[in-house]
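Comments concern the structure below.
The values are calculated or read from the model by the stated rules, or taken from the named source; none is laboratory data. Everything numeric in this text was worked out from a predicted model, so none of it was measured. Here Cβ is always computed from backbone atoms with ideal geometry, including for glycine, and neighbour counts include all displayed protein chains. What goes into the accessible areas is simple: the full protein's heavy atoms, side chains included, and nothing from ligands, DNA or RNA. Shrake-Rupley method; radii C 1.70, N 1.55, O 1.52, S 1.80 Å.
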Amino acid sequence: LLRALGRLLSCSAGWKYLARVVGLCVCMDPQLERFADTLALAGIDITQPFDVRWYNAHAIEHSLPLSPLPTFERPPSDGTLAVLLGNSTALWPAFLRWLAAQPDPESVTDPLDTYTASVISAAVADLTGGARHDIFWVTDSSRLVSMQRVALVSGLCYHDAETQLSIHPAFGAWVAFRAVVVLDAPAARFGDSPPPLVRCLLTDADKASARDAMAAALRASDEANLCTQLHGAKGMERDVRLAWAALRDCVTVGRDHRYSEAQLVYHYTKDREVLMHAMRAQPAAT
């Protein structure tokens, strides 16, 4: 059931069906549907529209040190449409096919970030047609947006405050966020109030395992360099990578969507040898 739900939520048509079934106002207009479908084909299979007002109000309510997302001076009653973009394990094969098609794959700088940025930028350009918009990238620490908080307030994921994991109802902990796109367009279709928060998706056993794994991961990490280890270009040392990966493995829901070992290792370590081996092991394109 969860696997079927994951497939359902990974495309705009699935969202339209779900909206009819449960009465949620989440239908996307045809342009946004095409945008979501285009990205899904490239492995960016999480496309979550939301109202900027929800995120900005959440940051104020919880006194978070976050800058508000822009509204393009739209009337407050209109809201401002934005979209959270991310991926499940679906990104990996699409990315490897793209990398294999490059003239010199080994020379591509930051290949995964280069791929996702190029795919998202092209889709956004097609969607907006030159209209005002802004893209906030997860890799840009100078313009910090909490993608986890966006996933929370938009009703996409459960946010566990203790581990800081975002847990998707179908994909579990095996999701990654890439960008938030803010559009100069109204979001009034969603109404004034955000959707209900996703209920806690952790069992008592999950919580106990996660606490132990969190403690082990922190011990394995050099606390002074934690942010560099998590987000730096060099990635984590292998033992630290294994410790943080174990934290995700504590979550029962979504285990069918666990990253492959190669995707997991590269996600945390940026190990080029692992990446090149995975690329060469891909079936030849037909």
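General observations
- 1.4 Å probe accessible area per residue over region 54-105, in Å²: 47
- Ala284-Thr252 pseudo-label distance in nm [points 7 Å out on the Cα-to-Cβ vector]: 4.6
- Here the Karplus relation 6.51 cos²θ - 1.76 cosθ + 1.60, evaluated at θ = phi - 60°, turns the backbone of region 209-215 into coupling constants of 5, 5, 4, 5, 5, 4, 5 Hz, with x for every Gly and Pro.
- As computed over region 139-185, the Cα convex hull volume per residue (Å³): 98
- The stretch between Leu197 and His277 holds 24.7 nm of extra length on full extension. This uses 0.36 nm per residue minus the Cα-Cα distance.
- What the phi angles of region 259-270 give under the Karplus curve with 6.51, -1.76 and 1.60, with θ = phi - 60°, is a coupling list of 4, 5, 4, 5, 4, 5, 4, 5, 4, 9, 10, 6 Hz, glycine and proline written as x.
- Residues whose amide H lies under 5 Å from that of Leu165, counting only those 5 or more places away or on a different chain, are Asp160; hydrogens are built 1.01 Å from N in the peptide plane.
- Fraction of accessible area attributable to carbon and sulfur, region 58-163 (%, probe 1.4 Å): 53
- Working from label points 7 Å from Cα in the Cα-to-Cβ sense, the Ala205 to Ser142 distance is 4.8 nm.
- Computed over region 23-126, Cα set: Rg, Dmax in Å: 16.9, 50
- Rg and Dmax of region 136-221, Cα atoms only, in Å: 15.3, 47
- Cα→Cβ-extended label distance, 7 Å offset, between Ala161 and Phe72, nm: 3.5
- Computed FRET value (nearest 0.05) for Ala216 with Glu61, which takes r as the C-beta separation and R₀ as 35 Å: 0.60
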